[in-house]
Amino acid sequence: TNIVIFASGNGSNFEKIMENIEAGYLSGINVIGLYTDNHEAFAIERARRFRLPVHIFNRKSFNDKEDYETAVLKQLTRDQVEWIVLAGYMKLLGPTLLNAYPGRILNIHPSILPSFPGKNAVGQALSYGCRVTGATVHYVDSGMDTGKIIDQMSCPVYEDDTEETLQLRIQNLEYELYPRVINKIIQVRSSQ
Ligand code: GRF
């Protein structure tokens, strides 16, 4: 099954997915490339280390979101991509991509959705005084982190946590959760 990872920034989830593939865990899943909207994304460096093709799409060089996504879709079609895996992709998807991949786009978010969608979910859980938070993998729809939930993992929030220590704890959940969900959902649904 051909998948691509969309990332706008750091790309640590992307790297963990690649490590799982190299370790033989995600058998049958073929990462065709990294797609990014940010030419400065550290994820690009990581992709190079895996000798993975990188496609950079600069939203500003297109008139509108539709033109931008049409260009992305052209490449997806060329690459024969079946699933899109968002890992820190910082744009909402529009109808062009959503309609081309119905039920075949996943995202990971650093909170127990529907709590704290959008940016700074970790900081929000902390300042709200949550005693428990976590990570969610969900299908992507047109809303901000609103698609159907697939799986979640939780962790405690400690009295002396900072945003950094809490983020680290959540990211460690993500590194386990995302490969597990990809394995389950993509393998099963692709064979149907
Ligand atoms: C992750 O926390 C993910 O939940 C959110 O963006 C962050 C991406 O981190 N959507 P990284 O780029 O994978 O390190």
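How big is the Kirkwood radius of the chain, worked out from every pair of different alpha carbons and given in Å to one decimal? Can you show the working numbers first?
Values: mean 1/r = 0.0588 Å⁻¹.
Answer for the chain: a Kirkwood hydrodynamic radius of 17.0 Å.
Given Cα pairs under 8 Å that are at least 6 residues apart, what percent is the relative contact order of the stretch 99-177? It would help to have the intermediate numbers written out before the result.
On the way: 128 pairs, mean separation 25.1, N = 79.
That works out to 32 percent.
Can you tell me how much longer the chain between ASP160 and VAL54 gets when fully stretched, taken as 0.36 nm per residue apart minus their C-alpha distance, in nm with one decimal?
Between ASP160 and VAL54, full extension yields 34.2 nm more.
Short version: ³J(HN,Hα) in whole Hz for each residue of the stretch 28-35, in order, from phi by Karplus 6.51 cos²θ - 1.76 cosθ + 1.60 (θ = phi - 60°), x for Gly and Pro, what are they?
x, 9, 10, 7, 6, x, 9, 10
Out of residues 5 or more away from ILE150 or on other chains, whose amide H comes under 5 Å of its own, with H placed 1.01 Å from N in the peptide plane?
For ILE150, the qualifying residues are VAL137, HIS138, TYR139.
Tally Lys and Arg at +1 and Asp and Glu at -1 over the other residues with C-beta under 15 Å from the C-beta of PRO114: what net charge comes out? Before the final figure, lay out the partial values.
Values: positive: LYS148; negative: ASP141, ASP145, ASP151.
Local net charge: -2.
List the residues whose amide H sits under 5 Å from the amide H of THR133, counting only those 5 or more places along or on another chain, with H placed 1.01 Å from N in the peptide plane.
Distant-sequence amide H within range of THR133: CYS155, VAL157.
Within the chain, what is the number of lysine pairs with alpha carbons under 22 Å apart, leaving out pairs fewer than eight places apart on the same chain?
14
First select every other residue whose beta carbon is under 10 angstrom from the beta carbon of ARG59; then total the charges, Lys and Arg +1, Asp and Glu -1.
Summing Lys and Arg as +1 and Asp and Glu as -1 gives -1.
For the stretch 143-158, in order, what is each residue's ³J(HN,Hα) by Karplus, 6.51 cos²θ - 1.76 cosθ + 1.60 with θ = phi - 60°, in whole Hz (x at glycine and Pro)?
Each residue of the stretch 143-158 in turn: x, 8, 6, 10, x, 4, 6, 9, 7, 9, 10, 10, 8, x, 10, 9 Hz.
Relative contact order for the chain: what is it in percent, counting Cα pairs under 8 Å that are at least 6 residues apart? Walk me through the intermediate numbers first.
Working: 335 pairs, mean separation 39.2, N = 192.
Dividing the mean separation by the residue count of the chain yields 20 percent.
Just so you know, all these numbers are worked out from the coordinates, no wet-lab data involved. Treat the numbers as computed from the prediction; the structure is a model and nothing was measured. Positions of Cβ are generated from backbone atoms using ideal geometry, with glycine treated the same way; all protein chains shown enter the neighbour counts.
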